[in-house]
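Accompanying notes for the structure given below.
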Amino acid sequence: MVRDDRAAWKAKYFEKMVQLLVDYPKCFIVGADNVGSKQMQRIRIALRGNAIVLMGKNTMMRKAIRGHLEENPALEKLLPHIKGNVGLVFTKGDLTEVRKVIEGNKVAAPAKAGAIATVDVTVPAQCTTLGPEKTSFFQALAIQTKITKGTIEILNDVRLIKVGDKVGASEATLLNMLNISPFTYGLQIEMVYDSGTVFDIAILDITDDDIRSRFLEGVTNISSVSLAINYPTLVSVPHTVINVFKNLLAIAVVTDIDFKEAQTAKEFVKDPSKFAALAAAAAPVAAATTAAAPAKKEEEKKEESEESGDEDMGFGLFD
């Protein structure tokens, strides 16, 4: 009877996972180390309506994916990432929004001996509530202390654990004595699957501005190379045209060759006073623009001083 129930449960699990693979084009592969059942329940509630969390044995998830490869061969890219304590978060919505919900549901946890530190842990200088009998414990960890009003005072900030290090028993005991919970645990997004493509979570951090700036940087590089080797391309042609025009303008100025665009330059060469007059006409506009900013600041300061004077007027200390 128990075997039949288990077989039926497995069949329902495979059916559910295959249906999710059909209905949802996107999913996160998430690690679930140190995530308790209550925390998992809160995550499911937070994602309700936007995503579905599916956990299970890796062998069962791989079997369900392999059974659906005929309909969707791209799912084979998920198989290498189904390892360790992982699950899948299926969604049809915006990946960035779902990511925020997943990463926002973390809980602080005390340090445990043998755990791998996910962040650097620093014990700040402080007056503890520990008595002098604990002094030898701090000495064993090379932490400078002194006795202040019957309690131990840590004199300097101490970098106790580095990220990636294994937490030792002494470090875990000290952090627990000081009521420091340095780590936060939750679902850790490892990879992202989107319509047949598997990529790192860092890809979601790329914005439109990043793409635009990198594209313009590439355009600039291509243009520079094209101009340097005299090889015309779509991005270098405007620069080539401008450079040619400058050369034609220089030739027209020193010869009798004339064309419409060179007439103004020729007039300036023949009569430099016209250029001086043009520069003189432009100078008041630039000066007015430059002077406007300090005048505006001076006016704002004057208004502030008048307001502060009005507030102080007529009020004494004991009124």
*Full extension from residue 230 to residue 15: what is 0.36 nm times the residue separation minus their Cα-Cα distance, to one decimal in nm?*
71.1 nm
_residue 134 accessible area, assembled protein chains, probe 1.4 Å, Å²_ = 80 Å²
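Tell me, in nm to one decimal, what length is gained between residue 256 and residue 159 on full extension, where the rule is 0.36 nm per residue of separation less the Cα-Cα distance?
27.0 nm
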*Using a Förster distance of 30 angstrom, determine the FRET efficiency expected from the C-beta separation of residue 70 and residue 190, and round it to 0.05.*
0.70
*In whole Hz, with x marking every Gly and Pro, tabulate ³J(HN,Hα) for the range 27-42 from phi via Karplus 6.51 cos²θ - 1.76 cosθ + 1.60, θ = phi - 60°.*
7, 9, 9, 10, x, 10, 5, 6, 9, x, 5, 5, 5, 4, 5, 5
_Residues in the range 241-260 reached by a label modelled at residue 219 [backbone nitrogen below 18 Å; 7 Å Cα→Cβ]_ = 241-243
*Full extension from residue 22 to residue 207: what is 0.36 nm times the residue separation minus their Cα-Cα distance, to one decimal in nm?*
63.7 nm
*Evaluated at 37 °C with a viscosity of 0.692 mPa s, what Stokes-Einstein diffusion coefficient in µm²/s does the range 1-147 have when Rh comes from the Kirkwood expression over alpha-carbon pairs?*
172 µm²/s
*Name the residues of the range 174-212 whose amide N is less than 13 Å from a point 7 angstrom out from the Cα of residue 42 along the C-beta direction?*
184-187
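The values are calculated or read from the model by the stated rules, or taken from the named source; none is laboratory data. None of these values were measured; they are calculated from a predicted model. As a convention, Cβ positions derive from the backbone with ideal geometry for all residues, glycine included, and neighbour counts pool all protein chains shown. Quick note on the areas: whole protein, heavy atoms, side chains included, nothing else; ligands and nucleic acids left out. Shrake-Rupley method; radii C 1.70, N 1.55, O 1.52, S 1.80 Å.
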